[in-house]
Amino acid sequence: MACALCLQPKELRRSHIIPEFLYKSLYDDNHRLHVLSVIPNQVNSIEQKGLREPLLCETCETKLSLWERYASLALQGGIELTFRREGNLVFVSGLDFEKFRLFQASIL
């Protein structure tokens, strides 16, 4: 099948739809995610690595992982950021906007 990003016919990996680190608050004490089905006759399931599907080749997975790593650090306190609020607006300093924007676009 073709990779969803580079469109090349390559072996696909079981790619995360949403990056693994964003599932952290959904896991139980045994690092399991309970996936509830809304489809009648389909049973609920348990995942240990978030939701994945054959989507990207290894090269593209590696490319996206750089942006995911940066976002993980930014959102979980691994990068020093400063915040300033003016009314309803919040200004963030210290964020590499290019990397963070590419991370957000990768999810879309």
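The values are calculated or read from the model by the stated rules, or taken from the named source; none is laboratory data. These figures come from a predicted structure and were not determined experimentally. Backbone-built Cβ (ideal geometry, glycine too); neighbour counts: all protein chains shown. Surface areas here come from the heavy atoms of the whole protein model, side chains and all, with no ligands, DNA or RNA. Shrake-Rupley method; radii C 1.70, N 1.55, O 1.52, S 1.80 Å.
Could you please find all residues in the range 37-68 being within 13 Å of Pro19 (Cα to Cα), of a type in the set (Asp, Glu) and more than 11 Å from the chain's Cα centre (by Cα)?
Result: Glu53, Glu61.
If the Cβ limit is 6 Å and pairs must be 6+ apart or interchain, which residue in the range 63-79 that is in contact (Cβ under 8 Å) with a residue 12 or more places away in the chain pairs with which residue that is open to solvent by 60 Å² or more (accessible area, probe 1.4 Å) and not hydroxyl-bearing (Ser, Thr, Tyr)?
Between residues of the range 63-79 that are in contact (Cβ under 8 Å) with a residue 12 or more places away in the chain and residues that are open to solvent by 60 Å² or more (accessible area, probe 1.4 Å) and not hydroxyl-bearing (Ser, Thr, Tyr), the close pairs are Trp67/Lys99; Tyr70/Lys99.
Would it be correct to say that Glu11 is of a type outside the set (Val, Ile, Thr), modelled with pLDDT of 85 or more and in a loop (DSSP other than H, G, I, E, B)?
yes
At least 1 residues that are in contact with a helix residue (DSSP H, G or I) (Cβ under 9 Å, 6 or more places away or on another chain), open to solvent by less than 50 Å² (accessible area, probe 1.4 Å) and closer than 30 Å to Pro9 by Cα in each: list the strands (runs of 3 or more DSSP E) lying fully within the range 19-92 that qualify.
52-56
How many residues, within the range 69-96, are hydrophobic (A, V, I, L, M, F, W, C) and more than 17 Å from the chain's Cα centre (by Cα)?
Qualifying residue count, the range 69-96: 8.
Of all residues in the range 1-18, which are open to solvent by less than 90 Å² (accessible area, probe 1.4 Å) and of a type outside the set (Val, Ile, Thr)?
Hits for the range 1-18 are Ala2, Cys3, Ala4, Leu5, Cys6, Lys10, Leu12, Ser15, His16.
Show the residue pairs that are 6+ apart or on different chains and have beta-carbon atoms under 8 Å apart, the first residue being within the range 31-43 and without any contact (Cβ under 8 Å) to a residue 24 or more places away in the chain, the second being surrounded by 11 or more Cβ atoms within 10 Å (Cβ to Cβ) and assigned to a loop (DSSP other than H, G, I, E, B).
If the second residue must be surrounded by 11 or more Cβ atoms within 10 Å (Cβ to Cβ) and assigned to a loop (DSSP other than H, G, I, E, B), the pairs left are Leu33/Tyr27; Leu33/Gly50; Leu33/Leu51; Val35/Leu51.
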